[in-house]
Amino acid sequence: MSTVTTANPTAPAGRLSGAHHRLLAFASLIVLIVVFSLASPNFLQTSNIISILQATSVNGVLAVASTLVIITGGIDLSVGTLMTFCAVCTGVVLTYLGLPLPFGVAAAILAGAASGTLSGTFVAKLKIPPFIATLGMMLILKGLSLVISGTKPIYFNATPGFTQISQGSLIGAAIPALPIPNGVLILFLVALAASFILERTILGRFTFALGSNEEAVRLSGVNTDRWKIGVYALAGGICGIAGLLIASRLNSAQPALGQGYELDAIAAVVIGGTSLSGGRGTIIGTLIGALIMSVLANGLRILSVAQEWQTVVTGSIIILAVYTDILRRRRL
């Protein structure tokens, strides 16, 4: 049974509107690619396409995590700093403690899940608004990253194979003509897993139900606090994977990195059709949104648009995407 159908009681017109929104987002992506291709011959070069995919892998994983939280009707402003914190935890385990690579991978995911559980507890048990709870977690994690690392980057030169997590290419080894980075492969695996959870598991059904009508779910006898904490914990674990990807890409854990990533992730989620009011959203839409953000940033950079104007464009896109969501909900 489809999760969207059971958990989101809106009429079929609502699902049609969501599909229309994703189609519009995909059409916007194609238009951006065509425009930047015509504006610069460097845009469609293989090296640039790989760069776009690499950037999308990190933001896309963070956006998948944000999608889960936003569908519940919440928001997580800590995903960027949580990604950094998880990267620093991996650095401590691999570089400072000298443990094997699997321990570093586990450290990132477990640190993310633990932080997500704490955020979910603040929201579900203490009834702190998600915006405030995750804003506080963002500051806590930012400070902890600096404290644990001693405010200095942690490098992974002594860990063989760490850079292969993101920069290697299993697909390229099998098909030399397709040197798609492992980071992109990991993104799609995470997206497939998240889609399966949303559409085929009880956690997915309750994720949509919490965003649609949490009070009705609570009155039906469901422990909504437990399921909400579970969603935040899952999202945190996914942020841990993003931490591995960016640390592998940079071959270092940069404790001052991360702030601002949450805005790109939220923008990707909203552009992809997930409603900020909760109860509606898809992972495929989020992936399209993440690609739009990466293509736009890369294209503006190739055209030598100043960084400050790139930030202005990103902010404008977020406002436009949210306004579009408001109009869509009014029609429903």
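The values are calculated or read from the model by the stated rules, or taken from the named source; none is laboratory data. Worth saying up front: this structure is predicted, and the values here are computed from it rather than measured. Positions of Cβ are backbone-derived with ideal geometry, glycine not excepted, and every protein chain shown enters the neighbour counts. The area values use the complete protein model at the heavy-atom level, side chains included, leaving out ligands, DNA and RNA. Shrake-Rupley method; radii C 1.70, N 1.55, O 1.52, S 1.80 Å.
The coefficient of translational diffusion for region 45-111, derived via Stokes-Einstein from the alpha carbon Kirkwood radius under 37 °C and 0.692 mPa s, stands at 240 µm²/s. Protein heavy-atom accessible surface, 1.4 Å probe, per residue over the chain: 44 Å². Size descriptor for region 187-332, Kirkwood hydrodynamic radius: 17.1 Å (Cα pairs only, one decimal). Positive contributions from Lys and Arg (+1) and negative ones from Asp and Glu (-1), summed over other residues with Cβ under 14 Å from the Cβ of Ile266, come out at -4. For the chain, a simple Cβ point-charge model (Lys and Arg +1, Asp and Glu -1, everything else neutral) yields a dipole of about 500 debye relative to the Cα centre. Each residue of region 97-217 gets 166 Å³ once the volume of the Cα convex hull is shared out per residue. Packing, as the average of other Cβ atoms within 10 Å across residues, places the peptides 46-53, 295-302 in the order 295-302, 46-53, highest first. Sequence-distant contacts, meaning Cα pairs under 8 Å at least 6 residues apart, place the relative contact order of the chain at 34 percent. The structure-derived value of mean projected area of the Cα convex hull in nm² appears in the list [x] 17.2; [y] 26.9; [z] 20.0 under the label [x].
Rg and Dmax of region 248-332, based on Cα coordinates, read 14.6, 48 Å.
Here region 141-261 exposes an accessible surface that is 65 percent carbon and sulfur, computed with a 1.4 Å probe and the other protein chains kept in place.
Note on region 162-245: dipole from Cβ charges, positive end direction compared against Leu198, Leu178, Ser166; the farthest Cα belongs to Leu198.
In the chain, helices alone account for a calculated mean residue ellipticity at 222 nm of -25000 deg cm²/dmol, with every DSSP H run of four or more residues adding -39,500 (n - 2.57).
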